[in-house]
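Down below is the structure, laid out as structure tokens.
The values are calculated or read from the model by the stated rules, or taken from the named source; none is laboratory data. None of these values were measured; they are calculated from a predicted model. Reconstructed Cβ throughout: ideal geometry from the backbone, glycine too, with neighbour counts over all protein chains shown.
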Amino acid sequence: MVGVAPAIDGKGAEAVVRFEDTERGPVEDGAKQFPLRTQAAGEDPVGVAVAPMHKGDAAPFDGTLFSPGAVALVMAEMEACPKRIAAEVDHAKGVMKAGCDMQVAGKQAELNAERKKREAEVLSRDKQIEMLSGELASSKDQPIWLWVGGGAVGGATLVILGVLAAGAL
């Protein structure tokens with residue numbers, strides 16, 4: 001991959017620095033990718049090192065040269081990363097809260113509908129109890145012996161008529 005990064009040469013003029021990484025392929029201009037290079041076999045380990053350089057100087061070790069602009073870009077990315085993560089976390093929390101709030105509102109609506117349904121059932125039963133209580137109270141005013149006597153006379157009449165009808169056959 002060949003990337004382009006702005007650099008400032010020793011005279012303060014802006015120049016273009018190219019960097020390569022053969023493993024990843026081409027990078028579009030303006031892409032925020034930096035090449036990663038592993039230590040080649042036989043190289044002395046350098047560790048973390050900073051070596052100020054000027055245009056035309058020989059590099060003291062293999063590595064990646066960052067221009068001041070590239071360093072500024074990396075630093076800006078490092079400083080912005082926690083803020084970006086915090087913003088993404090806040091957004092995710094907001095989305096989750098909105099989803100939970102919507103579920104709570106739905107369950108509250110279901111609860112209110114069920115409550116109204118149960119209140120209507122209780123009111124209907126109360127009216128039915130009141131009506132049956134009224135009928136029971138009005139039936140207590142009539143003497144029970146009339147109903148018993150009427151039932152006995154009616155039953156006896158049906159038996160006698162049944163016997164006469166069976167004997168007539």
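Summary of computed values
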quantity	calculated
Residue in the range 143-155 that is outside any helix (DSSP H, G or I), out of contact with any strand residue (DSSP E or B) (no Cβ under 8 Å at 6 or more places or on another chain) and free of Cβ contacts under 8 Å to residues at least 60 places away in the same chain present	yes
Residue match in the range 76-85 (condition: surrounded by 10 or more Cβ atoms within 10 Å (Cβ to Cβ), outside any helix (DSSP H, G or I) and acidic (Asp, Glu))	no
VAL17 vs. criteria surrounded by 10 or more Cβ atoms within 10 Å (Cβ to Cβ) and either part of a loop (DSSP other than H, G, I, E, B) or modelled with pLDDT of 55 or more (or both)	no
